[in-house]
Structure formats: C-alpha cells, structure tokens
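Enquirer: Before I ask anything, let me first share the structure, which is written out below as structure tokens.
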Amino acid sequence: MIEKHIIDAENEKHIKGLQADFDALGEHLDRRGINIDTVRAKVAAYGVAVPSWGVGTGGTRFARFPGGGEPRHIFDKLDDCGVTQQLTRATPSVSLHIPWDKAPAADLLAKAEEVGLGFDAMNSNTFQDQPGQAHSYKFGSLSHTDPATRAQAVEHNLECIEIGQGIGSKALTVWIGDGSNFPGQSNFTKQFERYLDAMRQVYAGLPDDWRVFTEHKMYEPAFYSTVVQDWGTNYLIAQELGPKAYCLVDLGHHAPNVNIEMIVARLIQFGKLGGFHFNDSKYGDDDLDTGSIDPYRLFLVFNELVEAEGKPGFTPAHMLDQSHNVTDPIESLMVSATEVQRAYAQALLVDRAALHGAQDGNDALMATTLLKRGFRTDVEPILAMARYLAGGAIDPVATYRASGYRAQVAAVRPKASGAGGGIV
Ligand SMILES: [Mn+2]
C-alpha cells in the first residue's frame, strides 16, 4: 500500500486548483438546476469491481511482454488491487477467477481486509484445461457431447459457488468458450440443449441470495459459431434458468457498430440485465482500456443506466474486464475506473425531464443536444473531489508514480516469464 504522507503531499499540490475548479463547476451546474454535491455524492458511492487477472500484464495470442513486479499469486494481486482502490476510491471490490486465484477462504478474507477490499462475482473457467484434469475442454465444456465432461464443468462451477460463499461473494459469472470452428461440426440445437441442461444443474446449486450472470460473446475462441453468441441467446438462457439468472454485457463482445446501449435498455426493460464487463474496442474483443476508444458510447450506456435508476430490483454488477498489454496494469485500472465514473457523472447531468419532453415531442435535435450537453461537461472536478474527500488521490497516476510502488514490488517479485501468449 502507499503511505498516506505521499498521497497527502501530492494532494497538497492540487487542492487549491481543484477547489477553484469545483466551485466554478458548481456555479455553472447551479445555473442548470443541478446541485454539484448531489452528483459528487452519487459518484462517491459508485464503485466498479476490478478483475484479479487485470493486475497482471495481458497479451495477445501471439505474445505477452510482462512488465516488472508482476503479481505472483492472488495475494500479490490483492495488494495491487488495494492500491487501485486506495488512490481512486472507485474500485472497492475484486472479482476472483477460479482456479487461478484458489486459496483458503480465511487467508483471502484476511488479506482483503488488510488492503480494504471486498469480493465481487466469482468467475469460473472451463475454457482451458488445468493440470491433471480428467476430461479435456478442447471440444467444449458445459455443452460438450460427452456427459462426463459436462459433469466435470458443472462440478467446477459448483465449486466456484462454494468458494465464493466462503468469502462473501453473491454471484457467479459463467463465460464459456464452447462453439465450433467448422460449419457442420456441431448441431446447434443439440449443443444448446446440452448447455441449458448443464446450466440448470449449476443454477440449482445457487444459494437463495446469489445470482448467476451468463456472458455472451460473438466469437473466439470458436471462430465459426459460439454457443452463447449474443444477447438474444443470453436472454433465452436467463429466461430458461429462472429469476436468479441474468445477462452480463461485456462491451467488447459484440460486432463493431452494434448498438450496445439499446441492448442494455432491452435487458433492463425485461429485468434481465445482470451487469457489465467494461472495456473498449476498435475492431473486435480488443479488451482495450475502458473509454479509450469511444467514450461517447460508454456515456450512452450510462445514460440508460441512469434512466433506470431506482427501478425495483435494479442492481447491476459493474466490473472492468480488459487486458493491459503495454501499460502498467495498475495505472490502466485506475484510469479506467475513473472513466467509468466519468460516464456515470456525465449521464447524471442530463436533464431527464427535458429529454423526455423532447422525445415525446419528436424533437430529435433537442433530444440529442441534451445528451451532448451532459457528455460535453468536464466533470473531472467532481471525480477528483470525490476521491479527495474519500482519502484518495486527486491525481491517482501522478501519485502512484511518485510513490515508486512498482519499483518496490519489482524488487521482491521475481521477473515473470514472457513465454506463452494469450490471456493472463
Ligand atoms: Mn468479460
């Protein structure tokens, strides 16, 4: 963790300017009928979970170029996630991935408490084989043609629930790589039937206060067809399984130009939006940093979420899911969490009554102008003040760099191998 005096010293450099900017923005928003402190309080209460695998350097299927001081295990990962939370106050929980993060529950809880974190949704992994595994997932997991392979995949998901129960998690996220690479390779209908049957067994193992999130993805690793390929199939799954089943929207898991915010609206309308994996993309499932390519789209997603705020039972889970290939992962996670908060704050500034009036009156130009007015407002003083008042850093990246954290952990964590490509 970073020593408080370093954060204080960095904040000291900025607080006067921040206060002036905050006051000026407050005056401006006041003229728009918006109370800046109300927005600040909402932003301060908003958190996005970080994935445990996000603190390691990612890679592509070609290669991985590890940075210095990479986390060796879940406890190092929790240290790094703790720093992200310490400086941004926007990432209060971590999402674990099993088996990568397997450890005794008591140890995980103790470490989480030490670094000021909680645990978010559990993530199962049936997209790769683990050492000593009886049945291979080469040709699928929950939808495999072989009943024993499916049973093994179900068992793994039930184990994830059990581990999650020990550390206070309340949700299981299931993403499978199942699909096919050749036309004719799989019978679409039978394959989906097998998947649904297996997921019913996972669903039956959910505690009463748990939810299961299924995540759709258009393609990859299967390049011809994917079992859970889009939000339509995802919605069918949630419907088939029951009230504890919800759809998870990973922003990168759609074809380019798909209207994701509209998918979000549909899932909200029918009570099946489970949550998000935030990231950004230019071409496909690029796993780029959230808000780095198309911040307006992120804003439009949040516009739908703010529109739905207060709807009974509407509590979507928010998590970052991105691959940091060329940056320090902690810096990327901090900036990305801030980008998510920014989109939320901007969406909060939209004059909803005026927007509804413009929509009802078919005033297309005014409706879109009202959205742009929210998006164009520089809300950085609100985000920075929320961080500052919560004990975080006004400038998280500068403070992180000033702390020398990466060099310190690099001195005790051996250099990771760059061999092998792919995911963290
Ligand atoms: Mn994802």
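The values are calculated or read from the model by the stated rules, or taken from the named source; none is laboratory data. Treat the numbers as computed from the prediction; the structure is a model and nothing was measured. We place every Cβ from the backbone using ideal geometry, glycine too, and count neighbours over all the protein chains shown.
Enquirer: Can you pull out the residues in region 185-218 that are more than 14 Å from the ligand (Cβ to nearest atom), more than 19 Å from ASP146 (Cβ to Cβ) and not acidic (Asp, Glu)?
Expert: Once the filter is applied, which keeps residues that are more than 14 Å from the ligand (Cβ to nearest atom), more than 19 Å from ASP146 (Cβ to Cβ) and not acidic (Asp, Glu), region 185-218 yields TYR203, ALA204, GLY205, LEU206, PRO207, TRP210, ARG211, VAL212.
Enquirer: In region 79-100, which residues are closer than 25 Å to THR126 by Cα and buried (at least 24 other Cβ atoms within 10 Å of the Cβ)?
Expert: CYS81, VAL94, SER95, LEU96
Enquirer: Taking region 238-251 on its own, how many of its residues are within 16 Å of the ligand (Cβ to nearest atom) and not in a strand (DSSP E or B)?
Expert: Count: 1.
Enquirer: I need the full set of residues from region 42-57 which are assigned to a helix (DSSP H, G or I) and either in contact with a Pro (Cβ under 6 Å, 6 or more places away or on another chain) or in contact (Cβ under 8 Å) with a residue 24 or more places away in the chain (or both), in order please.
Expert: LYS42, VAL43, ALA44, SER52, TRP53, GLY54, VAL55
Enquirer: If you check VAL43, VAL48, VAL39, which single one turns out to be modelled with pLDDT of 95 or more, within 30 Å of ASN125 (Cβ to Cβ) and among the aliphatic types (A, V, I, L, M)?
Expert: Step by step, each of VAL43, VAL48, VAL39 is checked, and only VAL48 is modelled with pLDDT of 95 or more, within 30 Å of ASN125 (Cβ to Cβ) and among the aliphatic types (A, V, I, L, M).
Enquirer: Residues in region 81-99 that are over 20 Å from GLN341 (Cα atoms) and in contact with a strand residue (DSSP E or B) (Cβ under 9 Å, 6 or more places away or on another chain): how many?
Expert: Looking only at that region, the number is 3.
Enquirer: Let me ask you something else. Please go through region 307-343 and give me each residue that is closer than 18 Å to CYS247 by Cα, within 16 Å of the ligand (Cβ to nearest atom) and in a loop (DSSP other than H, G, I, E, B), ordered by number.
Expert: Scanning region 307-343 gives PRO316, ASP321.
Enquirer: Surrounded by 14 or more Cβ atoms within 10 Å (Cβ to Cβ), in contact (Cβ under 8 Å) with a residue 60 or more places away in the chain and at negative phi: is that true of ASP250 in this structure?
Expert: yes
For (1) in a helix (DSSP H, G or I); (2) within 16 Å of the ligand (Cβ to nearest atom), each residue gets a yes or a no:
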position	(1), (2)
GLN229	no, yes
HIS253	no, yes
PRO256	no, no
MET262	yes, no
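Enquirer: Among the numbered criteria (1) polar (S, T, N, Q); (2) assigned to a helix (DSSP H, G or I); (3) within 16 Å of the ligand (Cβ to nearest atom), which single criterion is violated by ASN303?
Expert: Condition (3) is where ASN303 drops out.
Enquirer: Another question, then. Quick one: which residue in LEU78, LEU109, LEU158, LEU142 is of a type outside the set (Val, Ile, Thr), closer than 29 Å to ALA407 by Cβ and at pLDDT 95 or above?
Expert: So the residue among LEU78, LEU109, LEU158, LEU142 that is of a type outside the set (Val, Ile, Thr), closer than 29 Å to ALA407 by Cβ and at pLDDT 95 or above is LEU78.
Enquirer: Within region 264-287, can you find the residues that are surrounded by fewer than 23 Cβ atoms within 10 Å (Cβ to Cβ) and part of a strand (DSSP E or B)?
Expert: Within region 264-287, just ASP280 meets the criteria.
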